[in-house]
Structures are given as structure tokens and as C-alpha cells.
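Structure first, then comments.
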Amino acid sequence: MAGILQYPKRWIRTTRRRTDAFFSTAGIERIGVHVQLVVLVSLVLFPIVVAAVVSTKGVGIVTSVSDLLPGSYAAENYREALVDYNFGRFMLNSLVMSVVIVVGKLAVSVLAAMAIVYYRVPYKDLVFLFILFTLMLPVPVRFVPLFQLINDLGWGNTLLAITVPYIASATTVFILRQHFLSIPSSIVENAKIDGIGPVKFMLYVLIPMSKGVLVGVSIIMFVFAWNQYLWPLIIIDSQANQVAQVGLALLEGDVQSGELAWALVMAGSMLTLLPPLLLMIVFRKPLLNTFSIQQK
Amino acid sequence: MPASDSPLGNADMSDDTRRSVLRGAATLLGAGSMTALAGCAGGGDGSGGDSQFSPIAEELTVWHAMGGENGETLNQIASDFEDETGTAVNMEFQDSYENVLTNTLAAFDSGNVSDMLQVDSLFAQQVLDTGQIRSVEEILPDDFDADAFLDNVADFFTIDGELSSMPFNNSNAIMYINRDAFEEAGLDPDDPPTTIEGVRAASEALVNQDVTEFGITWPNHVWFVEHFYSFEGETMLNNENGHSGTPTEFRTPDAVYDLYEWWKGMSDDELYTNPGIEAWGEATSLFVEERVGMLMTSTGSAGGLIADTEGVFDVDASPHPSISDTRVGPVIGGASFYVPDGLPEERYEDIGQLLAFMADPAVQVDWHKQTGYYPITESSIEELESENWFEENPMYATALEQLQAAETDNPATSRILVGPARAVQTTVQNKSVEIINSDDIASGIEAMKQQAEEELDSYYN
Amino acid sequence: MSKREVFDSRLGAALLLLPTIVVSFLFLYYPAALAVRTSFFDSTFGRSDEFIGIENYVSLATDPGYRFSLAITVLFGLLVVAGVMVFSLYVTFLIHEVDYGESVYLISAIWPYALPPAVAALVFTFIIHPTLGVLTGPIESLGFAVDWFNTGWQAFVVITVAAIWKQIGYNVIFMVAAMNNIPEALTETAELDGVSGLRRLISIYIPIMSPTLFFLVIINTIYAFFSTFAFVDLMTGGGPSSSTNILIFDLYQEGFSFFNFGMASTKSVLLFIIVGILMYIQFQLTEEYSHYGA
């Protein structure tokens, strides 16, 4: 039996040698890497190119690569979305919701992470698990009873409904905890020796040392909040309060009566994509720092 | 601030810290509970004394599912109404008929309901089953003539002799053809096919001569299957499609086997292309792009198609094809406006006025011209005829003629009225795709029947 | 770690944790518990709830359709997690290797993270619709028939690819961060020793990045099971032949299209248990293999 295995083994060995050789050839390696990156990244980029191009068209039916030349209706489509359909209002609602969620989550999670790391909490592991476990309870699992609960509280169709349920964040607490754990314990001890209370500790030690992470975490939370669709859809029922993600449907028009509005919908989509994308681009360094998982 | 003794610090926070944290927490909780209480108080308090529901706002609130330009037209109607009567109306777009239904059913639970809700005819039974609807006939002003509606339309929405909801945007399915393509293929655009056999023949001509890639397409929606049933004079469910009793059986008469055989054949021979489930936009796009020569879709698409094909090709409308030469009539589609029961009594007068306004010939005429949904009152039709509208715009007439030629006494022309509507709809749509892709049509149809009947059973029992 | 526990006040800790715990309890655990309770009822709008015990559970256990749904969901989960991580890891590695242009490549790779899933689904349909898709023509000229409205496995592939594509951004962010943390010296030593390219990636980088990778497996699994609803809803509707009827879509349809809240709750509970079991298995497996630094 073992005798047969020598053949695949030999094959693996030679292939390995060949791959190494391929990657080692100095000049080619560099170019090869760039070529591969361009190809792979183009695959990832392609859809947004399509979306952007369609948003510049009149009706927006694109059926072949040659249709992907930009049209001349960009200004008109965007204007129509923003002005005629009041998409600006939706985006404003999304902005308010997202900012409130980010500020709220940040405050609440910093407090919680601080408690977990710097306080002697009984059953600390259980508490942490209690918080982390909520990752397993996403909206689809609980939205019907949640809907009834929110209505019972009288919060239906209000800003409260689309912000407060999001205030507790397992990922944020997790990331902040990781970060706090990476702050040298000597600093913490010194602070305590100096007799600093928790509020001052938080304001003058933790937050200054966490600026990058806080920014990064804020970006993550903003993107998450901004892209929420399912929950605002079912809890907000007036157009004045609705958010951009749901408002996209308004641009789609009455499909059953044959309105073709692809270009308009793409224009709206590009509009909703811009804020989170811009934030990610501008703040990519803090974002990357936030995402480095510190080792325990 | 007193320094603490031990290096690890005591548990005590300094006094100010404790105070500030407590203050903060109290405010947070206080604000939270105040809002909750206020909300509860506000929610339960109706403006009337003991009305069960409270309105969402001062103004009349209408929940609808018309996006895009049709939605804009609705907004226009609202502001016209306000100009005329001084009563403000808020048209609130709810994303889809399904969402109107969800939000309404939930609103009944929570107590804050809209004044009018637009519900697709498919979901009529579910709305009625809540028992929280006041029939529109009771709300319309006394001088309003409830007989003003076209018979077929009114029939579907009349429950127990009373008009339960107000029809508004109704349509049926017709076929649109590409006249230029027809001519190029040697077909007569003035004599389009009216049976499925004819459609096949025309498709073959179009495809074999490389005029279009496929012959025909239509969105995979249960509505079209319903049309095939109704033209044949067959009901899809027993008990007159649910109108004379609880439906328990999904009917599959021989004609249906013919339908699926034809459908499968068309698909296998690439004369038909599947644009996707409920893919209205995609199907229309295929037609506009001249990838198909024929398109089956709603009459409401007439205006859009004329605009989108201008300068590209000549589009024309023709009646929906039937399975055989029997042509009983189409089913109605589209939505109507329901009004919840249990709002403060004073509101009903205003609601009634809005309803009457929306059925007013002038409004109906405008609505029809802007959207292509057909005018549903006799007087609005007469108005349009007097303007020679239909002569100048024959495509808009096709749907109406198809409707008017229908045998309205035949229960087959009443759309299915069933509780688990969405479940039956998805069953038919999904199973249809399976059937046309399988080798054994008969067992596929049998499976569809079984699943639909299971859904009926679990809802009604 | 206990060196950091410099504050003893239980009250203080309680207050700090209070908002998170209250909100978690009120808006996450409590509704979830209600959902569990509803799973034992026959509940829908317009009728009062009827207690039916474990009837929902029994009917699901004996429903071949549900078992099929479960099977394809697990397969979907595996493919999405594996696909995302392999693709992202390779792109991350390439970005790590280049000398210039990293920012541009990085942004281009992570932008899907900002895209709402519904828009992603719509754009994907534009691209690969069997008759209208932009890339459909070129793909067909390569010899593949694009027919995912009628062919089950093709539809499955399409949504798997879409789901993978959408999650690449999130993974790349984490992986780039983790790879940037690997000391430069290690890379240089490895190169000097003649360990190059893929070998370096597989034998050195991956083990060092294992805590991050472990974390990502968890996150990706949650994503695959809970956050991929939009793709199915907007592209395939669960079909054809239920080939894309993944559990999250099935349960959403049960609750929000068919209004069978009892059954939807049952499906939620089961989905939750299934994912829980998967998480547990993953924890056990990766605990063995992940290396923690000093």
C-alpha cells in the first residue's frame, strides 16, 4: 500500500519545487505578484464599476460588456433621486440613526470593556460570554417578538426603535477588551498608585491610548448601522423617518406596472454606498489597527 | 481628592465619580422609562372616546406600495384632494404589498393603524380574516354610486353583498408584440397569436429566422398561470376559487397539462426564456432589448413600454393567449384600498371623501393615462371614450376590451381568494420551474397540487 | 490579567456593565426567549396562538424538505467559509508582498464590506443574469451554459460566489492587520533560508496568524448562516427545486411571507442550535491547532 503512495508524494514534491522556483525568480516574482493582484482585485471591483456605469445611463439595461460605456444621464439620475424622490431625506435619516448608534455603542461598550478588564467582577467569564453570545442572536432569530416589544413600548416608527436595540455590541466589547488587554499593566498599576478614579482613568488613560482603535471601531459600527435593512423596513412605516437602504425600493418604482428604473436604483445605490466607503478609505489606517487581534 | 491607601486601590470610587456615574445612569434610565411611559400613554389614547384604534397622525395616512412614478402620481392625487377639501393626506410608501400587509397586521396588534391600506388582491383573504376591516360601502358617502364600478372588478371585491374594499389600480395581463420583428419574420402584426399554439408558431418563425433570440417571455408569477386557467374557464381552486367557501383543492384539469407541456416544449426548444421569479423588470428588459418578440405582462406597462421603445421599434398590445380556443376572460389583478374598523368615528367621513375622490372620473382618467392601470368606473371609461383616448391610444384599449369581453358570471374570472396566498403563490411559481425542467410533467403537476393542498390544509385547520 | 483589575467596586462594575446588559437582555435575549416560546405554538396574525407542544419540531424532523435545506445550508456554510478565507488569504499575502500600491489594492479589496447586501445581490444579477447578464456572454463563449434559473446546482454556485465575494472585504481587513503584525525579521530570515512564496505563507504566516484566522472562521460561519439572506431573496427565491433554500431564507419566508410565526420560531431555534453546535466543534478543533504567542 505504501508503495503506491510514493507516486503522489513524489508529484507533490516536484510541484512544490516548481512553485517555489516560480515564486523565487526575482524580477518575475514582483511583476507576477502585481499581475495576480490586478486580476484578483479587478474581480472584486467589477461589480461596483457596473453599478456606477448603470447609474449614468438613461434606463440602465446593460446586457453586454460593450454596454458598459458610461452614459450621459448621471446628473439627471442623481438629481432625480435626491430631489424628486427626496432621497436626501432618507440619507439624512440614515446618518442620524448611524451616528446615534455609533456614539451610543461606543459609550456603552467602552464602559463595559473597562469593567471587564479593569474591575474585579464576579463570574467575569460568564458575563463576558453573556455579552459575546448575543452574536448568535441576529435580527432574523428574534425580529417578530422584538417587533411586538418595540410596539408595546410605544417606540414604533421612532428613532428610538432603530437605535436602542443596537446599543449593545458584542464585537465592539470584544475588540475593546482585546485592545485594553494590550495596554501594559504597568501603566495601569501606576495610574492606580497615583490614586486615579475610574472616570479619570477612562478619560485620561484609556481613551488617549485607544484613539486608533476607537476610530476603527466607530467605522465598523457606522458601516453596520448604515447598512441595516431588515429592521428599519419592518419598524418604520412613514417615509419621513425611513432610512436610505429601504428608500432604495422607492426608486425601484412599481415593477408590476412595468417601470424600468435600473439606472435610478443604481444611482441611489451609489449614493448609499458613498458615506461608508469614504469613511473606510479615509480612516483605513485606524481600521487596520483595530482589526489586529492581540494575542492573549 | 483623597488618595486611597492601598496600591491596588479600594473599591470606593471618589465621591464625585460616584455621583456623576449615578447621575448619568439615572438620566439614561429616566429618559428611557419616561419615553416608554409617554409612548404607552400616547399609544393607548385615541382621540375618540372608546375607539379601538388610534390614527397614526392628524392627517389621513394611506399606506401604499407604489414606488417610482406611480408613487409620485399618488402624491399628486393627495395634494389635489387637499386643495379641494382642505383635508391633508399623507401617502406613505411601504416598500411592497407584502410589507403593507405585515405592517398593517402588526398595526392591528399595536393599536396605531393607518386610515387606508393598499393591499394586493392576492392577499385579500388574509386582510378579511383579521375581522378588523370596515367595508368601504359603509364608508363611502351616501350619494356615491357603488354600482359605478365595472362588474368584474366590483365582483371580486364584493363580500357578502357589500363592496369591502375600493378597487383602485387594477389590471390584467396582456401580450405585447414587437411589430417590426413580426414583419421581419413574415408574421402579420395585426393578427397576433391568441392561443399557445399560435404563440409557438410565431416564436418558431421569429427564432428560426434569427429575428429575435427567443420568441416570448413573461415574469414567472402565479398571475399568469391564473390567467391561463381563467381564460379556459377553469378555477384554480375549488369552491369557485375560494369565493363560495373554503378552498381545499388545487384543481388540475386536462387543460393545465396541455399548458405545461407547451411551456416545457417552448423552454426546451429555446423559444421561451425564464427571466426569473417575479422578474417583471427583467422580462420587460428582454423585450425592450429585442431579445424576445413577445412579452406577457401587465396592462400597466403600456405607458412605460411605449416610452422605452420609442425610436427603437413599434410596440403593440394584443390579448393574453389562451390554452385552447375557449376564451372566457382574464382574472383581475392589482390592489384595492381597505379601511380598518375601529378608528375614531369622525375620521370615517374624511376617509369616505377621499375614497370617493379617488373613484372620481377625473381622477381615474388621469390615473389611467399616467399609469396604464385601467379605469374602473363606467363614467371614467365614458369620459375617456368621449375624448377619443382609446382610439388614439389603442394599446390602452386592449386590456379594457379583454376585460369587457369576459364572461363575468363565470367564477373562473374571479381571482383566487385564499388565506395562505403567498404560500400557494410561491408553490406554483417554484414548482412551475421544476415542471418545465423535469421529464415527467404529470408527476410534477401532481407534486404542485399536493403541496398547494398541504398549505391550504395547514392554514384552514 | 488580574494585575489589571485595579478597581474593586462591585457597584462601579455593575453600573458600567448595566447598559450593555440591560440592552442585551431586553432586546436580544428576551425576544429570543419569546421566539423559543412561540416555537411551541401555532401562531399567525389574526388568530390567537394555539399551544401545540413539540408538533412543529416533529414535523420538521420528519420533513425531507427541511433535511435537504439543512444539508445544503451546511454545504453552503463550508464552501463560503473556506472560499472566503482562501481567497482573502491569498490576496492579503499578495498585498503583503508588493512594494508599492498597497493602499490602492487594499481599498479595492475591502470595499465590498461597505456595500449593502441587497445592492450587492442586485448588481450580481446584472452581471450574471442568464439572459441579460453583462458577463453571461463571455462566460458562455467559454463553453459554460449559464442557466441558473433552471438548474439547481448552478443557482447554488451563483449565490455561493456572491456570498463569498461580499465577505472578502471583511476578511482582508483582519488578515492584512494580522499579517502586518508579523515581524519583518521573520520574513527576512525565512527568505534567507530559501523558504519562499507559498511555503512561507503556509508554514509560517498562517500558524502565526492563527488566532485571527480562528476568529474569522467563527465570524464567517455566523455570516454564512445568518447574513446571506439577501442573496437568496433577491436572486433565486430559494429555488430552483429548493436548491438555494438555505435555512435563514426558509425561516424568513416562513415568518414574513407566510406569517407562520410558530413554525418560523421553531426554525429559528433549530438554526440557532445548529450554528451553536458548529461553533462548538470549531472551537474544539481550532483550539488544538492555533498557536498563541508568548
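Part of a helix (DSSP H, G or I) and in contact with an Asp or Glu (Cβ under 9 Å, 6 or more places away or on another chain): which single residue out of B:Glu383, B:Glu391 fits that description? So that I can check it myself, show each step before the final result.
Details: B:Glu383 fails: in contact with an Asp or Glu (Cβ under 9 Å, 6 or more places away or on another chain).
Among B:Glu383, B:Glu391, only B:Glu391 is part of a helix (DSSP H, G or I) and in contact with an Asp or Glu (Cβ under 9 Å, 6 or more places away or on another chain).
Would you mind telling me which numbered condition in (1) closer than 15 Å to A:Pro232 by Cβ; (2) within 12 Å of chain B (Cβ to nearest Cβ) A:Ile162 fails?
Unmet for A:Ile162, out of (1) closer than 15 Å to A:Pro232 by Cβ; (2) within 12 Å of chain B (Cβ to nearest Cβ): (2).
Can you tell me which residues in the range B:206-242 are of a type outside the set (S, T, N, Q), within 16 Å of B:Val424 (Cα to Cα) and in a loop (DSSP other than H, G, I, E, B)?
Those that are of a type outside the set (S, T, N, Q), within 16 Å of B:Val424 (Cα to Cα) and in a loop (DSSP other than H, G, I, E, B): B:His221, B:Met236, B:Gly242.
Do you know which of the residues in the range A:266-290 that are buried (at least 24 other Cβ atoms within 10 Å of the Cβ) and modelled with pLDDT under 85 is farthest from B:Val100 (Cα to Cα)?
Here the answer is A:Thr290.
Only one residue in C:Ile173, C:Ile139, C:Ile208 is out of contact with any Asp or Glu (no Cβ under 6 Å at 6 or more places or on another chain), among the β-branched types (Val, Ile, Thr) and within 30 Å of B:Lys431 (Cα to Cα), so which one is that? Walk me through how you get there before you give the answer.
Working: C:Ile173 fails: within 30 Å of B:Lys431 (Cα to Cα); C:Ile208 fails: within 30 Å of B:Lys431 (Cα to Cα).
From the options C:Ile173, C:Ile139, C:Ile208, the qualifying one is C:Ile139.
Hey, could you check the range C:32-89 for residues that are within 30 Å of C:Pro211 (Cα to Cα) and among the polar types (S, T, N, Q) and say which is nearest to the other protein chains (Cβ to nearest Cβ)?
Ranking the qualifying residues of the range C:32-89, first place goes to C:Ser88.
For the range B:76-117, how many residues meet the condition of being within 16 Å of B:Asp350 (Cβ to Cβ), of a type outside the set (Gly, Ala, Ser), within 9 Å of chain A (Cβ to nearest Cβ) and buried (at least 20 other Cβ atoms within 10 Å of the Cβ)?
Qualifying residue count, the range B:76-117: 1.
So which of A:Ser72, A:Ser94 is in contact (Cβ under 8 Å) with a residue 12 or more places away in the chain and assigned to a loop (DSSP other than H, G, I, E, B)?
Just a single option satisfies the conditions, and that option is A:Ser72.
Take the range A:163-184 and flag every residue that is among the hydroxyl-bearing types (Ser, Thr, Tyr), buried (at least 19 other Cβ atoms within 10 Å of the Cβ) and not in a loop (DSSP other than H, G, I, E, B). So that I can check it myself, show each step before the final result.
Our first condition is that a residue be among the hydroxyl-bearing types (Ser, Thr, Tyr); within the range A:163-184, this holds for A:163, A:166, A:169, A:171-172, A:182.
When the remaining residues are screened for being buried (at least 19 other Cβ atoms within 10 Å of the Cβ), the result is A:163, A:166, A:169, A:172.
Matches in the range A:163-184: A:Tyr166, A:Thr172.
Just one of B:Leu105, B:Leu187, B:Leu122, B:Leu101 is outside any loop (DSSP other than H, G, I, E, B) and within 30 Å of B:Arg327 (Cβ to Cβ); which is it?
B:Leu122
Here is a check on your reading of the model: is A:Asp237 farther than 13 Å from A:Ser98 by Cβ, at pLDDT 80 or above, buried (at least 22 other Cβ atoms within 10 Å of the Cβ) and of a type in the set (D, E, K, R)? Write out each step before concluding.
Numbers: farther than 13 Å from A:Ser98 by Cβ: yes; at pLDDT 80 or above: yes; buried (at least 22 other Cβ atoms within 10 Å of the Cβ): yes; of a type in the set (D, E, K, R): yes.
Here the answer is yes, as A:Asp237 does meet what is asked.
From the residues in the range B:152-184 that are closer than 23 Å to B:Ile323 by Cβ and within 14 Å of chain A (Cβ to nearest Cβ), which one is farthest from the chain's Cα centre (by Cα)?
In this case the residue turns out to be B:Tyr176.
Can you name the residue in the range C:163-178 that is over 19 Å from A:Phe224 (Cα atoms) and surrounded by 22 or more Cβ atoms within 10 Å (Cβ to Cβ) and, of all such residues, is farthest from the other protein chains (Cβ to nearest Cβ)?
The first filter runs over the range C:163-178 and keeps only residues over 19 Å from A:Phe224 (Cα atoms), leaving C:175-178.
Checking which are surrounded by 22 or more Cβ atoms within 10 Å (Cβ to Cβ) leaves us with C:175-176, C:178.
Working: C:Met175: 9, C:Val176: 6, C:Ala178: 6 Å.
Step by step, filter the range C:163-178, then rank; the result is C:Met175.
Has the range C:212-235 got at least one residue that is crowded, with 20+ Cβ neighbours inside 10 Å, of a type in the set (S, T, N, Q), touching a residue at least 60 places away in the same chain (Cβ under 8 Å) and facing chain A (nearest Cβ under 10 Å)?
No.
I'm trying to understand the selection: among the residues of the range A:193-213, which are part of a helix (DSSP H, G or I) and surrounded by fewer than 19 Cβ atoms within 10 Å (Cβ to Cβ)? First the steps, then the outcome.
Our first condition is that a residue be part of a helix (DSSP H, G or I); within the range A:193-213, this holds for A:193, A:198-209, A:211-213.
A:Ile193, A:Val199, A:Lys200, A:Met202, A:Leu203, A:Tyr204, A:Val205, A:Ile207, A:Pro208, A:Met209, A:Lys211, A:Gly212, listed by residue number.
Among (1) hydrophobic (A, V, I, L, M, F, W, C); (2) more than 7 Å from chain A (Cβ to nearest Cβ); (3) within 16 Å of the chain's Cα centre (by Cα), where does C:Ile182 come up short?
(3) is the only condition that C:Ile182 fails.
Among the listed residues A:Ile187, A:Ile234, which satisfies the condition of being more than 9 Å from every other protein chain (Cβ to nearest Cβ) and either part of a helix (DSSP H, G or I) or among the aromatic types (Phe, Trp, Tyr) (or both)?
On the way: A:Ile234 fails: more than 9 Å from every other protein chain (Cβ to nearest Cβ).
Testing whether each residue is more than 9 Å from every other protein chain (Cβ to nearest Cβ) and either part of a helix (DSSP H, G or I) or among the aromatic types (Phe, Trp, Tyr) (or both) leaves just A:Ile187.
Return the only residue of B:Glu249, B:Glu290 being modelled with pLDDT of 90 or more, more than 9 Å from every other protein chain (Cβ to nearest Cβ) and under 25 Å from B:Gln125 (Cβ atoms). Break it down stepwise before answering.
Numbers: B:Glu290 fails: under 25 Å from B:Gln125 (Cβ atoms).
Within the list B:Glu249, B:Glu290, the selection yields B:Glu249.
Search the range B:129-148 for residues being closer than 25 Å to B:Ser114 by Cα, touching a residue at least 40 places away in the same chain (Cβ under 8 Å) and of a type in the set (A, V, I, L, M, F, W, C), and hand back the single one that is surrounded by the fewest Cβ atoms within 10 Å (Cβ to Cβ).
The selected residue is B:Phe144.
Residue check: is B:Glu282 more than 16 Å from B:Arg200 (Cα to Cα), more than 25 Å from the chain's Cα centre (by Cα) and either within 14 Å of chain A (Cβ to nearest Cβ) or assigned to a loop (DSSP other than H, G, I, E, B) (or both)?
On the way: more than 16 Å from B:Arg200 (Cα to Cα): yes; more than 25 Å from the chain's Cα centre (by Cα): no; either within 14 Å of chain A (Cβ to nearest Cβ) or assigned to a loop (DSSP other than H, G, I, E, B) (or both): yes.
Spelling it out, it is not the case that B:Glu282 is more than 16 Å from B:Arg200 (Cα to Cα), more than 25 Å from the chain's Cα centre (by Cα) and either within 14 Å of chain A (Cβ to nearest Cβ) or assigned to a loop (DSSP other than H, G, I, E, B) (or both).
Yes or no, residue by residue, for (1) modelled with pLDDT under 85; (2) among the aliphatic types (A, V, I, L, M); (3) part of a helix (DSSP H, G or I):
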site: A:Gly32; (1), (2), (3): yes, no, yes
site: A:Val38; (1), (2), (3): no, yes, yes
site: A:Phe46; (1), (2), (3): no, no, yes
site: A:Val53; (1), (2), (3): no, yes, yes
site: A:Thr56; (1), (2), (3): no, no, no
site: A:Val103; (1), (2), (3): no, yes, yes
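Being over 25 Å from the mean Cα position of the chain (by Cα), within 26 Å of B:Glu401 (Cβ to Cβ) and either at pLDDT below 90 or surrounded by fewer than 24 Cβ atoms within 10 Å (Cβ to Cβ) (or both) narrows it down to one of B:Asp258, B:Asp254, so name that one. Before the answer, list the steps.
On the way: B:Asp254 fails: within 26 Å of B:Glu401 (Cβ to Cβ).
Going through B:Asp258, B:Asp254 in turn, just one is over 25 Å from the mean Cα position of the chain (by Cα), within 26 Å of B:Glu401 (Cβ to Cβ) and either at pLDDT below 90 or surrounded by fewer than 24 Cβ atoms within 10 Å (Cβ to Cβ) (or both): B:Asp258.
Give me a count of the residues in the range A:258-272 that are within 9 Å of chain B (Cβ to nearest Cβ) and either in contact (Cβ under 8 Å) with a residue 60 or more places away in the chain or in contact with a strand residue (DSSP E or B) (Cβ under 9 Å, 6 or more places away or on another chain) (or both).
Within the range A:258-272, residues that are within 9 Å of chain B (Cβ to nearest Cβ) and either in contact (Cβ under 8 Å) with a residue 60 or more places away in the chain or in contact with a strand residue (DSSP E or B) (Cβ under 9 Å, 6 or more places away or on another chain) (or both) number 5.
The values are calculated or read from the model by the stated rules, or taken from the named source; none is laboratory data. Everything numeric in this text was worked out from a predicted model, so none of it was measured. For neighbour counting, all protein chains shown are included, and Cβ atoms are generated from backbone atoms with ideal geometry for every residue, glycine included.
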